[in-house]
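Computed from the coordinates by the stated procedures, all read-outs in this text should not be read as laboratory data. Computed from a predicted structure; not experimentally measured. Glycine also receives a Cβ, built like all others from the backbone with ideal geometry; neighbour counts cover every protein chain displayed.
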Amino acid sequence: MTRVLERPEQTDGARTRTVESATALACIHDSEIDLVIWNRGAKASVYHDLADVSLDQLPAFRLESVAFADLDAALVPHAAATPALAADIAELAKLYARLLRLKRLRIRLETVTTDACSRFHVDRVRLRLLTTYVGPGTDWLDAGAAPDQRIRRLPEGAVALLKGSLWPGSPGCPHRSPPIKGTGRHRLLLSIDEGPVR
């Protein structure tokens, strides 16, 4: 059974913290926390941008290694049709970079129509930021919950920081894409990681 997280008090599992502001995401540095959720709710300007966009026209791009200093310029080509979405991505990327004191980022915005990453797994990264702009959010395992309530789902629009296997001293946060194959549903997913050093 999958439970969608709607209220902050529902989300605090054994190694999970829910926060109410962007600045509070810094608690991801706590050695006892593997997942931080900022349930910021839907950003009206972003959803206004996406309201009339069909599935085949949803924006998608990959920036494999963008310098923090060049972030705004790198997002300009992707901002024409959906400027509020591009501004939100820039805001989240800058927040992520500051949290880890990074000079380079990897940013991926993709439309998901299948059960990609359908098995629970821990990413081979230090830390990943995920948010789903359209469709069901990412599923994660709550180790502190009863066995029949361990699978939780992030709400659409929530921002999650998930520790990966490369975070020192952490087992990482097991998660997966929610099963949507054959349902006619799709997701617009943003993923931000540490970019390779050049």
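Couple of notes before you dig in:
- For the chain, modelled as a GNM whose springs connect Cα atoms under 10 angstrom apart, the maximal fluctuation among Ala160, Ala73, Ala81 occurs at Ala73.
- Partners for Lys103 among lysines (Cα-Cα distance below 22 Å; same-chain residues under 8 apart left out): Lys94, Lys163
- Shape parameters for the chain, alpha-carbon atoms, Rg then Dmax in Å: 16.0, 47
- Calculated on C-alpha atoms, the gyration radius of region 141-180 divided by its Kirkwood radius gives an Rg/Rh of 0.99.
- In this label model, Asp72 and Thr111 are separated by 3.0 nm, measuring between points 7 Å along each Cα→Cβ vector.
- Relative contact order of the chain, pairs being alpha-carbon contacts under 8 Å that are 6 or more residues apart, as %: 29
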